[in-house]
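Here is the structure we will look at.
The values are calculated or read from the model by the stated rules, or taken from the named source; none is laboratory data. Just so it is clear, the structure is predicted and the values come from calculations on it, not from any experiment. Cβ coordinates were reconstructed from backbone atoms using ideal geometry, including for glycine residues, and neighbour counts include every protein chain displayed.
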Amino acid sequence: MKTLTPYLFFPGTCEEAMNYYKECLDGEITAIQRFGDTEMPVEEGYRDKIMHGELKAEGIHMMFSDGAPHKEITEGDNVQLSITVETIEEQDTLFEALAKDGKVTMPLEKTFWGARYGMLKDKFGIRWMLNCELDN
């Protein structure tokens, strides 16, 4: 089964935004991973910024990030759609279909969080993130 989740990016204000949406939607923050919690090299001033966060409310699941250091976030580019699939075959098929006449921004590859992941912009300019959890 596929799941589609909006992924919102903020210019260093992710934690504030997550708390705002938590209150507005009467939700719960279910995950926060800061850049400093990972093995990725990151400048000191960005270590406390949120690499990945999740919020759940009734019928709602949203993901959040401060984005990569030194990458400007602009309105319109700060929303991406994240799809989680169950199999690599399903991921390959979907990735190939969405990437046709678009642009792959990160090829599908294994990640440090135990998934196979890739990103692309489709031919309409919509940004997609495809995630497939790998068996450990």
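Side notes on the structure shown:
- Flag if Phe112 is in contact (Cβ under 8 Å) with a residue 24 or more places away in the chain and part of a loop (DSSP other than H, G, I, E, B): yes
- Qualifying residue in segment 93-103 (condition: more than 18 Å from Pro6 (Cα to Cα), in contact (Cβ under 8 Å) with a residue 24 or more places away in the chain and not in a strand (DSSP E or B)): no
- Meets criteria (over 15 Å from the mean Cα position of the chain (by Cα) and either among the aliphatic types (A, V, I, L, M) or surrounded by 12 or more Cβ atoms within 10 Å (Cβ to Cβ) (or both)) for Asp37: yes
- Test result for Ile83, touching a Ser or Thr at 6+ places or on another chain (Cβ under 8 Å) and either modelled with pLDDT under 95 or under 14 Å from Asn131 (Cα atoms) (or both): yes
- Here Lys49 fulfils each of the conditions (1) more than 17 Å from Cys14 (Cβ to Cβ); (2) surrounded by 12 or more Cβ atoms within 10 Å (Cβ to Cβ); (3) without any contact (Cβ under 8 Å) to a residue 60 or more places away in the chain apart from (1).
Per-residue answers, yes or no, for (1) loosely packed, with under 15 Cβ neighbours inside 10 Å; (2) modelled with pLDDT under 95; (3) under 26 Å from Pro41 (Cβ atoms); (4) acidic (Asp, Glu):
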residue: Lys71; (1), (2), (3), (4): yes, yes, yes, no
residue: Asn78; (1), (2), (3), (4): no, yes, yes, no
residue: Tyr117; (1), (2), (3), (4): no, no, yes, no
residue: Asp135; (1), (2), (3), (4): yes, yes, no, yes
